[in-house]
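Beneath this line is the structure, given in structure tokens, with notes to follow.
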Amino acid sequence: MKKAEQRRIVEAAAGLDRPVRIAGTGSYLPERVLSNADLEKMVDTTDEWIVTRTGIRERRIASEKEATSDLSTAAAKRALKQAGVAAEDLDGIVVATMTPDMVMPNTGCLVQDRLGARKAACFGLEAACSGFTYGLEIGRQFVRSGAMDHVLVIGAEKLSSFTDWQDRSTCVLFGDGAGAAVLAPDQDGAGHRLITTVIGANGGLADLLKVPGGGSRRPASAETVHERQHFIKMAGREVFKYAVTEMCNAGRDALKRCGLTTEDVDWVVPHQANIRIIQAVAERLKVGLEKWYLNIDRCGNMSAASVAVAFDELVRSGRVQSGDILLMIVFGGGFTWGASVVQW
Ligand code: ACO
């Protein structure tokens, strides 16, 4: 389908009363690289197992001095600069994270202070790996309704603080990082439109992926620390199956809402949990792997930061053409899932 025709169809289908654009993106990765060879010295694993089972070769680990708000602030500054939006002009800040600096205040407030975004309403959003996509939908609805003009959406994680470095089945998977996007109204047709987002969840499967300790159900105690309840616990194989199914469903649903099919997609930015999940989803959606932007080999699974960082890297690479259709697809703890369609 021709780009102009695509644009007309997606706008009509999505009923864009006040279109919303991605005015700028940014990301930040901590300096320290933890390679598979480093992990071989920490737990009983091999580079060969990690690469063949997950596609991960290395990941970034934040320093002791860096918390999630620091990673968020660095990514946000880059997104604001690219958008040409001053921090003082932000109406809202959404920080999607499962690794906040602390339980209260929310990480959005900490970022607001660091940026000097005085008039922004701030909140944290917890939807695990799907958080950035949930955040995009919340921001889109605020801008679309006219309640806000500029919303900063951040996906950021310091997963290394919640990783059990004695558990080889999880510690090889995760990394730290942050990605951000500034949403704004697109009334002059400048492009980069966030056309639609679908989000969903199945709380009946909550037990398959969780951090059990430290909440009101099991408050922190000597016992919870001893039992290692403050770390990520995951039933990997089960998560894998649901991830493939729900990522496919979310991707198809989002495209259908815009009157598009997978044939119209130019780029897919998936949650980067496991290369085998991505390959399985690509096969089922019948979208060739050359259209999928991947950074899992360098970054591992950064939960809410994964698609946020990948999206920023892709659009800054210069490979995306004006009018291209981008599909973001995510899946994470909850279970939660979602997909966004952007026309560049
Ligand atoms: N090194 C060597 N061997 C290992 C390692 C390791 N790091 N980890 C596990 N093994 C062993 C297991 O002990 C097991 O051995 P056994 O057969 O003797 O019992 C064997 O490898 C196979 O283990 P599986 O768990 O079956 O391996 P699998 O192929 O399923 O891969 C993985 C595990 C990578 C975790 C995969 O299941 C996966 O990616 N799951 C999905 C993760 C995901 O999508 N998460 C998304 C959300 S994350 C979030 O929301 C924070």
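Test Arg252 against the stated conditions and say whether it is charged (D, E, K, R), at pLDDT 95 or above and assigned to a loop (DSSP other than H, G, I, E, B). Criteria not met by Arg252. Checked against (1) open to solvent by 30 Å² or more (accessible area, probe 1.4 Å); (2) over 26 Å from Asn202 (Cα atoms); (3) not polar (S, T, N, Q), Leu90 passes all but a single condition, namely (1).
For the range 204-226, give me each residue that is of a type outside the set (S, T, N, Q) and not in a helix (DSSP H, G or I).
Leu209, Lys210, Val211, Pro212, Gly213, Gly214, Gly215, Arg217, Arg218, Pro219, Ala220 - these are the residues of the range 204-226 that are of a type outside the set (S, T, N, Q) and not in a helix (DSSP H, G or I).
Would you confirm whether any residue within the range 223-232 is farther than 30 Å from Gly213 by Cβ, modelled with pLDDT of 95 or more, acidic (Asp, Glu) and away from the ligand (no atom under 16 Å from the Cβ)? Among the residues of the range 223-232, not one is farther than 30 Å from Gly213 by Cβ, modelled with pLDDT of 95 or more, acidic (Asp, Glu) and away from the ligand (no atom under 16 Å from the Cβ), which makes the answer no. Helices (runs of 4 or more DSSP H) fully within the range 264-332 that include at least 2 residues being within 12 Å of the ligand (Cβ to nearest atom) and open to solvent by less than 40 Å² (accessible area, probe 1.4 Å): 275-285, 305-316. Within the set His230, His192, His226, the sole residue that is out of contact with any Cys (no Cβ under 6 Å at 6 or more places or on another chain) and at positive phi turns out to be His192. A single member of His230, His226 is exposed (fewer than 14 other Cβ atoms within 10 Å of the Cβ) and within 22 Å of Cys171 (Cα to Cα), and it is His226. For beta carbons closer than 9 Å, sequence separation of 6+ or different chains, a first residue in the range 215-243 that is under 16 Å from Gly334 (Cβ atoms) and a second that is more than 16 Å from the ligand (Cβ to nearest atom), the qualifying pairs are Gly215/Val103. Hey, does the range 242-260 have a residue that's surrounded by fewer than 16 Cβ atoms within 10 Å (Cβ to Cβ) and under 16 Å from Thr54 (Cα atoms)? Looking through the range 242-260, none of the residues is surrounded by fewer than 16 Cβ atoms within 10 Å (Cβ to Cβ) and under 16 Å from Thr54 (Cα atoms).
Exactly one residue among Phe132, Phe142 is within 16 Å of the ligand (Cβ to nearest atom) and either within 15 Å of Gly338 (Cα to Cα) or part of a helix (DSSP H, G or I) (or both), and that residue is Phe132. Residues satisfying the criterion are absent from the range 152-164 (criterion: touching a Gly at 6+ places or on another chain (Cβ under 9 Å), within 29 Å of Pro185 (Cβ to Cβ) and not in a strand (DSSP E or B)). Of note, Met98 does not satisfy the criterion of being without any contact (Cβ under 8 Å) to a residue 12 or more places away in the chain and either open to solvent by 30 Å² or more (accessible area, probe 1.4 Å) or not assigned by TED's automatic domain parsing to the domain that holds Gly259 (or both).
In the range 165-195, the qualifying residues are those that are under 25 Å from Leu29 (Cα atoms) and part of a loop (DSSP other than H, G, I, E, B), and the one that is nearest to the ligand (Cβ to nearest atom) is Val172.
On inspection, Leu209 qualifies as closer than 18 Å to Phe331 by Cβ and surrounded by 17 or more Cβ atoms within 10 Å (Cβ to Cβ).
The values are calculated or read from the model by the stated rules, or taken from the named source; none is laboratory data. Source: prediction; values computed, not measured. As a convention, Cβ positions derive from the backbone with ideal geometry for all residues, glycine included, and neighbour counts pool all protein chains shown. With ligands, DNA and RNA removed, areas are computed over all heavy atoms of the protein, side chains included. Shrake-Rupley method; radii C 1.70, N 1.55, O 1.52, S 1.80 Å.
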